[in-house]
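Just below is one structure, and these are the notes that go with it.
Please treat every number below as a calculation from the coordinates, not as lab data. Given the structure is predicted, the values throughout are model-derived calculations rather than measurements. Positions of Cβ are backbone-derived with ideal geometry, glycine not excepted, and every protein chain shown enters the neighbour counts.
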Amino acid sequence: MLLLLRKDLLVLKRSPLLLAVLLAYPLVIAALISLVATYVGAKARVALVDQDNLPKTIVIAGHRFHVDRTIDEVSRNVKLVRLTADEAERQLRSGQIVASLTVPRGFVADLKTGVRSPTLLLETTVGGIAPRVRQQVQALVYELNRRLQVAFIEQDIMFVELLLHGGSGKVLGTKFHIIGLDGTERILNQLPRGPKLDKIRDFVGDARKALALTDTAIRSTAHPIDLEEPPLRGRTWALSAQVQAYALGLTITFLALLLAAGALAAERDENVIGRLLRGLITPGGLIGAKLALAAVVSAVLGLAVAIAFGIIIDARGVVGGEPWVRLPLLALGLLLAGAALGALGSVIGSLAREARAASLVAVLVVMPIVFLGLVPREVVPPAGWISDLFPFAHAVRFFNSALYDSSPWGTLWYEALWLIGLTVVGWTIARLNVRRLVS
Amino acid sequence: MTDLPFLVARGVSRRFGVQVALEPTDLTVVPGEVVALVGPNGAGKSTLLAILAGALPPHTGTVERADGLKVGWMPQRPAHYGRLTARENLDLFARLEDEPDPDAAVERLLGQFELPTDRPSANLSVGNRQRLNLAIALLGEPRVLLLDEPTASLDPQQRARLWERIAALAESGGATVLATQNVEDLERTSDRVVELVEGHVAFTGAVAEYAV
């Protein structure tokens, strides 16, 4: 088996173009997937139907809101385009927009008076990215509410300050002046003491202390949980653990599958398989050599990709850096995944009539395996179940855990057992089929 | 000749899909003899040789081999790695055949067959590829040679050397089964002829009795 492995590595070394294509092709695919992912993350087009003729500025609770600026600020995740109601309905039907957000008549008046909650109307298309847009619009409304809440809280606190210290104010356009608890206490102190007056004085004192705490209390009630977002210093998406694991998985899936399928079918093309199987090597040994080839090449090139990632991450000073000490674990995962993919490739190679057909079938097979593995199992559970039957998803989870989990052993054992199981199944099927290649 | 045969095939047959390549066939190969398999294209000669070599399992029947018998097989189409040189091919197969001294065996065969070693075997001429194919079959000091159209593509000098080699093997108590379309191969080397027609044995007997 080792002799055949050495032969295959020698043949591979003499095919630099093939090796370059096998390495470059998955990296190009990974880049394309990144582009698609970026496109998926692009802003969805949402109509803004303004039936209330929103003014440029609105004063609410003493705060001046610049409507256009506010929309620009809060619509970071969706592209809002102003449309008439009819046009919005037409574009919603044709799918030119994914949602329509209507500001009904009386919205600003309701907002200013606070007599009742003003309402925004959201209509979306069905399926596709509509759920994501719905979440984004909900986030938009949440952000608007948060800003308004801040204004209302400040106005409430201003009223509390007035109650406490006295002064002038304005409610629903009516101006007023109050003396506040401070003024009340001053007046009470000027009056002759007595039991009834002392009770009033005590009440005023308690009320002042209580109201003095109101500011913090109102703010904390409005924000029971505060989310703080420190300035971004983490990894960019392109250097994230997930992308690194996917890039490695994608690269070795292409490499191992095509290599094993092509190498086994090539034994037939070279007419050598009969010579080998007449006693020089067992069918299991022959398949084992192809598994070993896939595993060794996957480990070497996978580590090269991981090292390249690490150098970029370190050079850019990304927080957390590359987990260099985890590379041995990654190497183990690459070997296991390479063997499992090699077993699958050997099955293809044992069924194909020639190396070119085997390579073509391997490419056709690898695409759905990879794309199934990219579908989140929480979103489409059947995709996860099917994906579990192939090594790609297990390899990605192994790499991710090996590189970045603080306690990786549970995941590593689980995924390693899956990969070993898939290797045994693939090896068995290919071993039973390989005699078919002799004719 | 001795009474203990090297190879005994009993009722071996083979089909590929629905196509029958070889009907149940018997063949015995004894030490010191040279058997020629003749017949038209598609008669089943290559299939029978592959079955005798152990490369192809028969669908029916059995092949018995003498204990410890080493068999060399040369398939009709060259069977070696095109991206490896002749030396690398011989070295690989010498080690797979458990040659006691693979380096020496490689040097010996390279010299005997005058094979170029400076280029991948895919770039060799048709004749040189056939020589390499034959050289690989000779690795491991086989006592029985199974040769499929061995003289096709060989020049007269190499053909004469092959006949000498086959004769020497027979004289030393070895045996050869060769599939051939070449009358000269029959006359120069063979003791016995087995004619196959459409997967059946149509004739078996001495060369002198076989009317070409």
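What the Cα atoms of region A:158-219 give is an Rg and a Dmax of 13.3, 41 Å. The helix-only estimate of mean residue ellipticity at 222 nm for chain A, built from DSSP H runs of length n ≥ 4 each weighted as -39500 (n - 2.57), is -22500 deg cm²/dmol after division by the residue total.
Taking packing as the residue-averaged number of other Cβ atoms within 10 angstrom, the listed peptides A:12-20, A:265-273 run from highest to lowest as A:265-273, A:12-20.
With each label modelled as a point 7 angstrom along the Cα→C-beta vector, the A:R90-A:L360 pair spans 4.9 nm. Look at the dipole of the protein assembly as shown built from charges on Cβ: of A:F398, A:N433, B:G205, the Cα furthest out on the positive end belongs to A:F398. Spacing of the modelled spin labels on B:D118 and B:T28, each 7 Å from Cα toward Cβ, amounts to 5.3 nm. Comparing A:D50, A:D206, A:D314 in a Gaussian network model of chain A (Cα springs below 10 Å), the most mobile by mean-square fluctuation is A:D206. Of A:I386, A:I200, A:I218, the residue with the greatest mean-square motion in the GNM of chain A, using alpha carbon springs below 10 Å, is A:I200. Relative contact order, whole percent, for chain A stands at 15, derived from Cα pairs under 8 Å and 6 or more residues apart. The ranking of B:V207, A:V141, A:V347, A:V11 by Cβ neighbour count inside 10 Å, starting from the fewest, reads A:V141, B:V207, A:V11, A:V347. Ranked by the mean number of other Cβ atoms within 10 Å per residue, highest first, peptides B:80-91, B:177-188 order as B:80-91, B:177-188.
If the Kirkwood radius is taken over C-alpha pairs of region A:361-432, then at 4 °C and 1.567 mPa s the Stokes-Einstein diffusion coefficient equals 99 µm²/s. How big is the Rg/Rh ratio for region A:304-439, C-alpha atoms only, Rh by Kirkwood, two decimals? Ratio of gyration radius to Kirkwood radius for region A:304-439: 1.04. Close amide-amide hydrogen proximity is noted between A:E322 and A:D314, each under 5 Å apart and 5 or more residues distant or on a separate chain (H modeled in the peptide plane; Pro and chain starts excluded). Excluding same-chain residues fewer than 8 positions from A:K196, which lysines have a Cα within less than 22 Å of its Cα? Straight-line reach from A:K196, under 22 Å: A:K209. The phi-based Karplus calculation (6.51 cos²θ - 1.76 cosθ + 1.60; θ = phi - 60°) puts the 3J(HN,Hα) values of region A:332-341 at 4, x, 5, 5, 5, 5, x, 5, 5, 5 Hz, whole numbers, x for Gly and Pro. Using alpha carbons only, the radius of gyration of the protein assembly as shown set against its Kirkwood radius gives Rg/Rh = 1.30.
In this structure, B:E107 and A:D388 have a Cβ-Cβ separation that, at R0 = 45 Å, corresponds to a calculated FRET efficiency of about 0.25. Each residue in A:T216, A:T174 was given a count of other beta-carbon atoms within 10 angstrom of its own, and listing them fewest first yields A:T174, A:T216. Which far-off residues, 5 or more places away or on another chain, put their amide H under 5 Å from the one on A:V49, with H placed in the peptide plane? Distant-sequence amide H within range of A:V49: A:L83, A:L101, A:T102, A:V103. Relative to its Kirkwood radius, the Cα radius of gyration of chain B gives an Rg/Rh of 0.96. Overall dimensions of region A:104-195, expressed as equivalent-ellipsoid semi-axes from the Cα gyration tensor (√(5λ), whole Å, largest first), are 46, 14, 8. Over all pairs of different C-alpha atoms in region A:45-140, the reciprocal of the mean inverse distance, the Kirkwood hydrodynamic radius, equals 14.0 Å.
The simple spin-label model puts a point 7 Å past each Cα toward its Cβ; for A:L122 and A:K196 those points are separated by 5.9 nm.
Cα centroid distance between region A:307-366 and region B:47-117, in Å? Using only Cα atoms, the two centres lie 35 Å from each other. 3J(HN,Hα) along region A:11-19: 4, 5, 4, 8, 10, x, 5, 4, 5 Hz, from the Karplus curve 6.51 cos²θ - 1.76 cosθ + 1.60 with θ = phi - 60°, whole Hz, x for Gly and Pro. Take each residue in A:264-276, count the other chain C-beta atoms within 10 Å of its C-beta, and the mean is 5. Distances between placed amide hydrogens fall under 5 Å for B:V20 paired with no residue 5 or more residues away or on another chain. Scaling against 2.2 N^0.38 Å puts the C-alpha radius of gyration of region A:262-376 at 1.33. The mean number of Cβ atoms from other chains found within 10 Å of a Cβ in peptide A:12-18 is 1, as a whole number. Look at the dipole of the protein assembly as shown built from charges on Cβ: of B:V71, A:G106, A:L5, the Cα furthest out on the positive end belongs to A:G106.
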